[in-house]
1. In whole Å, largest first, what are the principal axis extents of the Cα atoms in the range 386-443?
2. Students sometimes get this wrong: rank Tyr92, Tyr285 by accessible area, probe 1.4 Å, all chains present, largest first.
3. Of the heavy-atom accessible surface of the range 64-120 (probe 1.4 angstrom), what whole percent is carbon and sulfur?
4. Please compute one quarter of the surface area of the Cα convex hull for the range 166-319 and express it in square nanometres.
5. Would you work out if the range 289-372 is rounded, prolate or oblate? Take a ≥ b ≥ c from the square roots of the eigenvalues of the alpha-carbon gyration tensor; rounded if a/c is under 1.5, else prolate when a/b is larger than b/c, oblate otherwise.
6. Cα-Cα pairs above 31 Å in the chain: how many percent?
7. Can you classify the range 22-163 as rounded, prolate or oblate using the Cα gyration tensor, where a ≥ b ≥ c are the square roots of its eigenvalues, rounded means a/c under 1.5, and otherwise it's prolate if a/b beats b/c and oblate if not?
8. Roughly speaking, what is the centre-to-centre gap between the range 342-358 and the range 208-238 when only Cα atoms are used, to the nearest Å?
Amino acid sequence: MKICCIGAGYVGGPTMAMIAEKCPNIEVCVVDINQERIDAWNSEKLPIYEPGLDALVAKSRGKNLFFSTEVDQNIKESEIIFISVNTPTKEYGSGLGQAADLRFVESCARRISEISEDNKIIVEKSTVPVRTAEMVQSILKSTSKGLHHQVVSNPEFLAEGTAVQDLLCPDRVLIGGEDSTEGNVAVGKIAEIYAKWVSKDRIITTNLWSSELSKLTANAFLAQRISSINAISALCEETEANVDEVAAAIGADSRIGSKFLKSSIGFGGSCFQKDILNLCYLCRYFRLPEVAKYWEQVIVINEYQKERFVTRILDSMYNTVSAKKIAILGFAFKKDTNDARESPAIGICKRLLEEKAELAIYDPQVPKESVLSSMGLTEDTAESIVFCETAPEACCHSHCILILTEWEEFRNLDYESIYKKMKKPAIFFDGRNLLDLNELRSIGFIAKGIGKA
Ligand code: UDX
Ligand code: ADP
């Protein structure tokens, strides 16, 4: 059997690498229009940093796992086609800033419809608004070749930084299909692939629309927990309650659970904000404004948390950071990824630049080019930023340190010697609640965490 995946991104690449490793009898080809990306997948330096991914790709690449820009040929030869392209928030026209931009999904559907010479199973891997499969189906039907393709929804729940582990031991695999004999057969074929390494009780099958909507809902619920604890962190700061202690106490209730209650400078990443905006847009489209307003608050609190962090920095630094050197430790939206999409660091750094601060940025994985492009800057317009090779270098002669990503290496730095080389008073802002603030205070830092007195 041959499978093709359109889109060699953070989802398509790792997911197909896992399928290839677990199903040696299936030939898997990941295609993309981006030549540079495909070249990187075929090189020693993969385009994405993800623990365990290099080894996983190395096991199958060149055997039954291939990366190519030959989109048409691979579509033609494959029985199953996964669509794993980006679905960003629309930046133009109707639905601007809210709806998902489905032009990449649509163009894949058109290409498949034009190229195919036999019946295919088309799998929506990309996160899409509920009822997108209807659009895909209607495009596929529009070319009168007498073919009957099946559309299946199989959203991906992996999180960046833990993608390989999430793919290896998923909490569940969700597969939604058309309510018909052909639909059931298609769902069965996709389930068979996952059943090679996932136990059957973790493979959930639903109708198409439940599957599409579950993905948006899962992300909305996860983001809601972060905004909930972040809202409480603001109250903790005012009352000397400790947000970590509050989170541990409420998380001990098995009905609430302990995961995803880490207060922070807000969530980032390519999914949460985009999916909630999309959920709200859908609610308004279906005339449910109260539901839309309810979910919008998750984003309102996320923005509030970032701005609150900047306000704290200004308040603690005599209301001005002009010409002060600020060390930025971490730029990725979370640890163990080189992805800076929607990272809270972007907005925070932009605000500090507006306040005329000098930034010294260090991140173990995010390249300088990604940092600059995410802030809409170029080397020429970034004269107030220096990029550093190590965390101590970024901190040297700085007035304050901001931890913006919870990279493990920031736990183990020699803060005592770092402190000695800083301007005094040296202030430490732990935006990720990573460190013991009392230890930092004993060194001499004015140490501030999120929601910790
Ligand atoms: C998320 C979902 O977890 C995943 O299931 C889905 O497939 C894609 O979107 P991802 O965005 O890769 O995954 O990372 P995630 O671990 O969910 O973190 C998202 C953001 O929330 C990060 O910025 C992270 O730092 C933040 N976060 C997470 C918190 O601030 N506190 C927490 O307790 C957990
Ligand atoms: P995700 O995080 O969802 O995996 P990415 O942006 O990392 O998203 O990856 C999506 C990939 O899809 C990009 O590499 C992009 O070039 C690719 N892509 C978008 N449209 C098409 C298309 N029509 N044909 C092939 N590849 C496409």
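1. 24, 24, 17
2. On the way: Tyr92 95, Tyr285 150 Å².
Ranking Tyr92, Tyr285 by accessible area, largest first, yields Tyr285, Tyr92.
3. Values: 1160 of 2590 Å².
Summing carbon and sulfur atoms, their accessible area is 45 percent of the total for the range 64-120.
4. Values: hull surface 50.2 nm².
The directionally averaged projection comes out at 12.6 nm².
5. Details: a/c = 2.76, a/b = 1.27, b/c = 2.18.
Oblate is the answer for the range 289-372, as a/c is 1.5 or above yet b/c matches or exceeds a/b.
6. Numbers: 47146 of 102378 pairs.
Considering the chain, 46 percent of its Cα-Cα pairs are separated by more than 31 Å.
7. Details: a/c = 1.92, a/b = 1.25, b/c = 1.53.
Because a/c hits 1.5 or more and a/b fails to exceed b/c, the range 22-163 counts as oblate.
8. Each part reduced to its Cα centre gives a spacing of 25 Å.
The values are calculated or read from the model by the stated rules, or taken from the named source; none is laboratory data. Here the structure is a predicted model, which is why all the values come from computation and not from measurement. Note that each Cβ is placed from the backbone with ideal geometry, even for glycine, and that neighbours are counted across all protein chains shown. For accessibility, only protein heavy atoms count, side chains too; no ligands or nucleic acids. Shrake-Rupley method; radii C 1.70, N 1.55, O 1.52, S 1.80 Å.
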